[in-house]
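Some notes on the structure that comes next.
The values are calculated or read from the model by the stated rules, or taken from the named source; none is laboratory data. Being a predicted model, the structure only gives us computed values, none of them experimental. As a convention, Cβ positions derive from the backbone with ideal geometry for all residues, glycine included, and neighbour counts pool all protein chains shown. When the accessible area is computed, the model is the full protein with side chains, heavy atoms only, and any ligands, DNA or RNA have been set aside. Shrake-Rupley method; radii C 1.70, N 1.55, O 1.52, S 1.80 Å.
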Amino acid sequence: MLWNVDLTLVDVGIVTRDAYAEAFRAVTGRPLVKLVPAMGRPDSEIIFETLAVNGVVADDDHLPRFLDALAAAFADRRRRLAKEGRMMAGARDALRSVARLDGVVQTVLTGTIKSNAVLKLQAFKLDRYVDFELGGYGEEPYPKAGLLQVAQGRAKARLGVPFTSANTVVIGDSARDVQAARIGGAGMIAVASGRSTATELRQAGADLVLPDLSDAAEVVAAVTALTTPADRKAG
């Protein structure tokens, strides 16, 4: 089970934008004028586009330097996360309820770099439900569908079970999340809690679209409908 983080489980956009601005200044020596919207993309992609729209020609060391600076800037602001951000409706109950399903292991499939993803979920005490070692993260140089397959490989190596569309489910809020699931090989539960509308999520090919995570029983039923106990037998 792979969860998207931003606008699916938590919303910490204000802190994220501030961290990006500090990281941009640290790497380029210039103020950030425009931050490109995330829209389900990995941080590595956002960084390159942000450099470009701000007139910076990227070289080989820009990405690793920016990733390091972004991690440091975000960590410096971690105490602001719970105060200025929010947990999305039903997120804790949904995570807790899915965790009770036989054989389910929960991790994340996120465009956020790993250290920041951990801090985001820790701020709202959601990290206890997630195995971060099995996820796919924004510092890895793959599109999101590739990150899904990387995560499936990590889970197979750890658990000794092949992961395919029969026993892998993604929950996310963007059309890009849906496309990643379709291409990478996973069932897809979309929640219309982000910037993609329910219609856009359906058109992208989601197996099921929910308004949000507020009905934990509905989330569990959706996961169950996309897998079987035999398929889920991983833990």
Query raised in the report: Which of the lysines could be linked to residue 156 by a straight reach, that is with a Cα gap under 25 Å, when you skip same-chain ones fewer than 8 residues away?
Result: 114, 144, 233
Query raised in the report: Ranked from highest to lowest mean number of other Cβ atoms within 10 Å per residue, what is the order of the peptides 109-115, 89-95?
Result: 109-115, 89-95
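Around residue 55, what is the net charge, scoring Lys/Arg as +1 and Asp/Glu as -1 over all other residues with Cβ under 12 Å from its Cβ?
Numbers: positive: 30, 34; negative: none.
Counting the neighbours of residue 55, the net charge comes to +2.
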Requested in this report: Whenever you get a sec, line up 39, 188 from highest to lowest accessible area (probe 1.4 Å, protein heavy atoms).
Outcome: 39, 188
Query raised in the report: In the chain, what % of DSSP beta bridges are antiparallel (nearest 5)?
Result: 15
Query - Counted charge near residue 204, where neighbours are those whose Cβ lies closer than 9 Å (Asp, Glu -1; Lys, Arg +1) - result: +1
Query raised in the report: To the nearest 0.05, how large is the calculated FRET efficiency for residue 166 and residue 99 if R₀ is 30 Å and r is the Cβ-Cβ distance?
Result: 0.90
Report task. Would you please classify the overall shape of region 102-217 from the alpha carbon gyration tensor, given that a ≥ b ≥ c denote the square roots of the eigenvalues, rounded means a/c under 1.5, and beyond that prolate means a/b larger than b/c while oblate covers the rest? Result -> rounded
Requested in this report: With the full set of protein chains in place, find how many percent of the accessible area of the chain is carbon and sulfur; take the probe as 1.4 Å.
Outcome: 52
Report summary line: Phi angles of region 24-37, converted by Karplus (6.51 cos²θ - 1.76 cosθ + 1.60, θ = phi - 60°) into ³J(HN,Hα) in whole Hz with x for Gly and Pro, give 4, 5, 5, 8, 9, x, 10, x, 6, 9, 9, 9, 5, x
Query raised in the report: Can you work out the base-10 log of I(q)/I(0) for region 22-104 at q = 0.10, 0.13, 0.21, 0.26 1/Å, using the Debye formula on its C-alpha atoms alone?
Result: -0.38, -0.58, -1.00, -1.27
Query raised in the report: Considering only protein heavy atoms, what is the solvent-accessible area of residue 133 at a probe of 1.4 Å, reported in Å² to the nearest 10?
Result: 110
Query raised in the report: Taking a probe of 1.4 Å, how large is the accessible area per residue of the chain, in Å²?
Result: 44
Report summary line: Phi angles of region 80-97, converted by Karplus (6.51 cos²θ - 1.76 cosθ + 1.60, θ = phi - 60°) into ³J(HN,Hα) in whole Hz with x for Gly and Pro, give 7, 4, 5, 6, 9, x, 8, 7, 5, 3, x, 4, 5, 5, 5, 4, 5, 6
Report task. For an R0 of 35 angstrom, estimate the FRET efficiency from the Cβ-Cβ distance between residue 128 and residue 57 and round to the nearest 0.05. Result -> 0.20
Requested in this report: Specify the angular offset, from 0 to 90 degrees and rounded to the nearest 10, of the alpha carbon long axis of helix 43-53 from the longest principal axis of the alpha carbons in the chain.
Outcome: 40
Report summary line: For region 107-168, shape from the Cα gyration tensor axes a ≥ b ≥ c, cut at a/c of 1.5 then a/b versus b/c, turns out oblate
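Residue 134: net charge of surrounding residues, Cβ under 10 Å, Lys/Arg +1, Asp/Glu -1, itself excluded?
Local charge sum for residue 134: +1.
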Requested in this report: Hey, can you grab everything whose amide H is under 5 Å from the amide H of residue 108? Only 5+ residues off in sequence or another chain; H modelled, so Pro and N-termini drop out.
Outcome: 3, 135, 136
